[in-house]
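What follows is a short report on a single structure.
The values are calculated or read from the model by the stated rules, or taken from the named source; none is laboratory data. The shown structure was predicted, so the numbers you read here are calculated from the model rather than taken from an experiment. Here the Cβ positions follow ideal geometry from the backbone for every residue, glycine too, while neighbour counts run over all protein chains shown. Calculation scope for accessible area: heavy atoms of the full protein, side chains included, ligands and nucleic acids excluded. Shrake-Rupley method; radii C 1.70, N 1.55, O 1.52, S 1.80 Å.
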Amino acid sequence: IITIFASMKLSIIIPVYQTQDTIDRCIESILQQSFTDYEIILVDDGSDDECSLLCDKYSQKDRRITTIHKKNGGLSDARNTGIKHSKGKYITFIDSDDAIQNYTLQALMDEINKYPETDVLEYPIMERIGHPYKEQLLAFTPRNYNNCWEYWLNEQGYLHTYACNKIFRRCLFKNVYFPKGKTFEDVQTIPFLIGLIPTEGTFQQKVKIRVTNKGCYLYYWNNKGITASAKYEDLLSLYIGQSMALIHTFKTIGNRDDIMQKYQLSINIYLTQILNVLMDLFEVSGKYENCAPLIKYTKLINNKGLINSLKLKLLLIIGYKRLCKLNRLIHKIYRHH
């Protein structure tokens, strides 16, 4: 077993909590893969349903599967526990209520073998399977990125900061952890992993990112999940993560006109997306958030004559507070009709 682990390619970390109805689907989707050079780490995060027994059953049946039982600490804590116990050269995450399509692992590991400099590989994800109108495939045109900010803007990486549809070189987690007790924890973690935000006490690391059209992650819609029932604290966590990434995106770009002109549309979409989250926060709570970074960079691109978003223009003309009130009024009228 030591020899197998010494050369092991991939660690698959599966946080498990109260998913007795879906965990079989998840694990079986991995066991039926043609690629087999992996370990599965099941992190039972204090489940009080049948998950604990099911995890033990799988680990007794297959020596590649390890089960760790722990007190409930949330998704981030479970992932961090899995990372500490991982032995593979690469790490990937699969949620226990999701699955992966046939031949996905072989296709992805072939991709990594073909492009061995890759630190992060992102692959297609079928989003919200089972949702009446939000189910959709997020697909990619194969491409390599040597600049994290270029990936962030060009691929709109801020819209799909999932940890689950990516394979990471394990050494990226040396100084990076998922924030314990936070929701939308991926938004506050992926920018560190791709090198957009420097880790504490270190320089910004150069991370090579590849997006591929091979394989597919199957993300099943959960009516009880955080995404379905996001509250003020959840949206605030999302905004904090996005705001940090925004600051470091512009720090990395600097004040370069050539980059801002080339990515004018992408930057406008990015800033508008963050403004949308701010307006959602106001609609949920009636509170105004610190939007200084957004206004600062909106003014910056406005001074360069690069604004083409109506919402961003309104932000500068009527101000953040009036825009939030206007947005809430429009939604109220729309709901009544």
Inset, instruction - Report whether or not Lys61 is basic (Lys, Arg) and over 25 Å from Asp24 (Cβ atoms). - result: no
Inset, instruction - Would you be able to say whether some residue in segment 310-321 is modelled with pLDDT under 95, open to solvent by less than 60 Å² (accessible area, probe 1.4 Å) and either part of a helix (DSSP H, G or I) or farther than 24 Å from Tyr162 by Cα (or both)? - result: no
Inset, instruction - Collect the residues in segment 258-292 that are assigned to a helix (DSSP H, G or I) and more than 22 Å from the chain's Cα centre (by Cα), keeping them in residue-number order. - result: Asp258, Ile259, Met260, Gln261, Lys262, Gln264, Leu265, Phe282, Glu283, Val284, Ser285, Ala292
Legend entry - Residue, most open to solvent (accessible area, probe 1.4 Å), within segment 167-180, restricted to residues that are under 14 Å from the mean Cα position of the chain (by Cα) and more than 16 Å from Leu196 (Cα to Cα): Pro179
Legend entry - Yes/no for Leu326 being surrounded by 14 or more Cβ atoms within 10 Å (Cβ to Cβ), in a helix (DSSP H, G or I) and over 28 Å from the mean Cα position of the chain (by Cα): no
Inset, instruction - Quick one: which residue in Ile91, Ile112, Ile40 is open to solvent by less than 30 Å² (accessible area, probe 1.4 Å), part of a strand (DSSP E or B) and out of contact with any Gly (no Cβ under 9 Å at 6 or more places or on another chain)? - result: Ile40
Legend entry - Subset of segment 181-214 (residues that are surrounded by fewer than 19 Cβ atoms within 10 Å (Cβ to Cβ), charged (D, E, K, R) and in contact (Cβ under 8 Å) with a residue 60 or more places away in the chain): Lys206, Lys214
Inset, instruction - Please identify the pairs in which a residue from segment 70-88 that is basic (Lys, Arg) has its Cβ atom under 6 Å from the Cβ atom of a residue that is loosely packed, with under 13 Cβ neighbours inside 10 Å, counting only partners at least 6 apart or on another chain. - result: Lys87/Phe5
Legend entry - segment 215-231: number of residues that are open to solvent by 40 Å² or more (accessible area, probe 1.4 Å) and modelled with pLDDT of 90 or more: 2
